[in-house]
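Data block below; observations after.
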Amino acid sequence: MKACIASYFMPNIHPKTVELQQAVVKKFNPLNLRHIVIRGQIPHGMFMDYVWSLNGQMVSTLKDQTINKQLDFDVVLFLDIDCIPVSQNAIEIYLTRALEGSLIGNAQRSGHIKNNNHLFAAPSALALSASNFDKIGRPSGIETTRGDVAEEYTYAAEANGVSVDFVPPVRYDRDVYRYDWETDRRPYWTLENGLPNYALGTTYGNEVEGDLFWHNFQIRVEGQQEHFWKKCEELLNG
């Protein structure tokens, strides 16, 4: 399998977070696929554009840049720095589905954007083949007025006949926020349309394949950084 895993972090992320994520990915990476981890100060979506451009698939946002091809992968799994696999088959399942023709990712909704509750494959754990990235027009991962980071991938897939495999939340760990009756701020987020809720520390998967990925969410929230470390250490010692 010519595939890679790509993660990105900014300078405000603690080195321990980066080290633990890499350790967990290594433990649950039986195919020993390359894990590219880049530190930078560009927007997350621009990082995704950069990875594709390194793979020889220039994205319009970088058309004026000189980026030599340094990668040669048939499929890429983007993985947030605070998202980790929790089973030996998680990475392979996402990459295989992508190679078989789907855009696959953790189900999410941009609650802060009025876009008719559009469901999208979130970049916390998202896999797409290089051929399908070309097919959907090489969209940028940068946020737009109608979508969050990488939501344009889902819009483009829907418009170009590429199936989207939404991996649903199974459970979540923490109700950190108290309910605010004035702002209607819940301690969780809703996918709407009868789908499960998700929140800080959400496990994604399904009944057939079990638990696949765990996403910390909002590592900047007090206590979340330590919660991520604890989760990683439990997996590494389990």
**Prompt:** Can you name the number of the only condition in (1) aromatic (F, W, Y); (2) buried (at least 22 other Cβ atoms within 10 Å of the Cβ); (3) part of a helix (DSSP H, G or I) that Y50 fails?
**Reply:** (2)
**Item:** Hits in segment 127-139 (condition: buried (at least 19 other Cβ atoms within 10 Å of the Cβ) and either over 16 Å from L71 (Cβ atoms) or free of Cβ contacts under 8 Å to residues at least 12 places away in the same chain (or both))
**Value:** N132, I136, P139
**Asked** Regarding D173, is this residue farther than 16 Å from E192 by Cβ and at pLDDT below 95?
**Response** yes
**Request:** Could you please give the count of residues in segment 55-81 that are out of contact with any Ser or Thr (no Cβ under 7 Å at 6 or more places or on another chain) and at negative phi?
**Result:** 16
**Test: residue in segment 127-145 that is under 12 Å from the mean Cα position of the chain (by Cα), polar (S, T, N, Q), closer than 30 Å to R220 by Cα and outside any loop (DSSP other than H, G, I, E, B)** = no
**Asked** R109: within 19 Å of I219 (Cα to Cα), free of Cβ contacts under 8 Å to residues at least 40 places away in the same chain and of a type in the set (D, E, K, R), yes or no?
**Response** no
**Asked** Which residues, counting only those in segment 146-155, are assigned to a loop (DSSP other than H, G, I, E, B), crowded, with 19+ Cβ neighbours inside 10 Å and either out of contact with any Phe, Trp or Tyr (no Cβ under 8 Å at 6 or more places or on another chain) or free of Cβ contacts under 8 Å to residues at least 40 places away in the same chain (or both)?
**Response** V149
**Prompt:** Does segment 177-210 hold any residues that are modelled with pLDDT under 85 and of a type in the set (S, T, N, Q), and which are they?
**Reply:** T183, N193
**Prompt:** Somewhere in segment 8-18, is a residue surrounded by 14 or more Cβ atoms within 10 Å (Cβ to Cβ), modelled with pLDDT of 95 or more and part of a helix (DSSP H, G or I)?
**Reply:** yes
**Unmet criterion (only one of (1) surrounded by fewer than 17 Cβ atoms within 10 Å (Cβ to Cβ); (2) aliphatic (A, V, I, L, M); (3) assigned to a strand (DSSP E or B)) for I5** = (1)
**Prompt:** Are any of the residues in segment 41-49 free of Cβ contacts under 8 Å to residues at least 40 places away in the same chain and not aromatic (F, W, Y)?
**Reply:** yes
**Item:** Filtered residues of segment 96-116 (kept if basic (K, R), part of a loop (DSSP other than H, G, I, E, B) and in contact with a Ser or Thr (Cβ under 9 Å, 6 or more places away or on another chain))
**Value:** none
**Message:** On the basis of being assigned to a strand (DSSP E or B), touching a Lys or Arg at 6+ places or on another chain (Cβ under 9 Å) and at pLDDT 95 or above, does F120 make the cut?
**Reply:** yes
**Asked** In segment 184-227, how many residues are not aromatic (F, W, Y) and not in a loop (DSSP other than H, G, I, E, B)?
**Response** 17
**Asked** Scanning for something at pLDDT 95 or above, in contact with a Leu (Cβ under 8 Å, 6 or more places away or on another chain) and either closer than 23 Å to F228 by Cβ or not in a loop (DSSP other than H, G, I, E, B) (or both), does segment 65-74 turn up at least one residue?
**Response** no
**Message:** Quick check on this structure: which one of L31, L119, L62, L126 is in contact with a strand residue (DSSP E or B) (Cβ under 9 Å, 6 or more places away or on another chain), farther than 22 Å from G201 by Cβ and not aromatic (F, W, Y)?
**Reply:** L31
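The values are calculated or read from the model by the stated rules, or taken from the named source; none is laboratory data. Keep in mind that what you see is a predicted model, and the values were worked out from it rather than measured. So basically every Cβ, Gly included, is an ideal-geometry build from the backbone, and we count neighbours across all protein chains shown.
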